[in-house]
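Student: If you scroll down you'll find the structure; I have some questions about it.
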């Protein structure tokens, strides 16, 4: 019997399977982690001030809200007063953003009376959670000398930045107009506290009408 003398075929090797590339998770930098930690602590502080008030806002309570240890808090804010001061600076930034929206309602009206829209936007800003927290700090700083020293420069800077926004709204840049804008804020600031205890819808409606007329007259005089 004859046998084949040809070459023995080599067994085929299985083709290698391609591995799917896994997404590479970029690690946050130390600065990013720090900013994130501070943001969470400030958010928790603002929330506590608005809901519980200044006296009941504690570092332990803030840490519980932020789900962080007190060690993490004190690495960034060595005292309760400095934590409150940090929250105040953040509140100033948020207020400036809200006022930019108010100014935009006047310079870029979407319909209706732009003067009334501006007045209503300023009122809306004072009825926010941020403003409730802001008011708690202002009342506390009146008698707390350490807190007063920390937040007074921040508030002066806030008012200066607010007045810089008047030209963007096509509002007169006179010192009188600055006084009017700040006075509107202060008036609605007081109203926001009053309505939390006792609201008066009729009075609040009349107040909008009166302030709109007053602001319209002032704008006419400034032309």
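Student: With Cα Rg over 2.2 N^0.38 Å in mind, check (1) 1.12; (2) 0.96; (3) 1.71 and report the label derived from this structure.
Tutor: (3)
Student: Neighbour counts of other C-beta atoms within 10 Å: give me 163, 91 arranged from fewest to most.
Tutor: So the ranking, lowest neighbour count to highest, is 163, 91.
Student: Sort 179, 126 so the one with the fewest other Cβ atoms within 10 Å of its own Cβ comes first.
Tutor: 179, 126
Student: Round to the nearest 10 and give me the degree value, 0 to 90, for the angle of helix 175-197's Cα axis relative to the longest principal axis of the chain.
Tutor: Rounded to the nearest ten degrees, it is 80.
Student: What angle, in degrees between 0 and 90 and rounded to the nearest 10, separates the Cα long axis of helix 114-126 from the longest principal axis of the Cα atoms of the chain?
Tutor: The angle comes out at about 70 degrees.
Student: In nm, give the distance between the simple-model label positions of residue 206 and residue 43, each being 7 Å from the Cα along the Cα-to-Cβ direction.
Tutor: 4.3 nm
Student: Taking the 0 to 90 degree range and rounding to the nearest ten, how far is the long axis of helix 145-164 tilted relative to the main principal axis of the chain, both from C-alpha atoms?
Tutor: The angle comes out at about 90 degrees.
Student: Listed highest first by mean packing, meaning other Cβ atoms within 10 Å per residue, what order do 166-173, 77-84 come in?
Tutor: Going from most to least packed, we get 77-84, 166-173.
Student: Now a separate question. With a cut-off of 8 Å between alpha carbons and a minimum separation of six or more residues, what is the relative contact order of the chain in percent?
Tutor: Answer for the chain is 20 percent.
Student: Spin-label point model (7 Å from Cα, Cβ direction): what's the residue 29 to residue 143 distance in nm?
Tutor: That separation, rounded to one decimal, is 4.6 nm.
Student: Can you sort 121, 130 by how many other beta carbons sit within 10 Å, fewest first?
Tutor: Lowest to highest Cβ neighbour count: 121, 130.
Readers should treat all values here as calculations from the given coordinates under stated rules, not as data from a laboratory. Since we're looking at a predicted model, the values are computed, not measured. With ideal geometry, Cβ positions are generated from the backbone for all residues, glycine too; neighbour counts draw on all protein chains shown.
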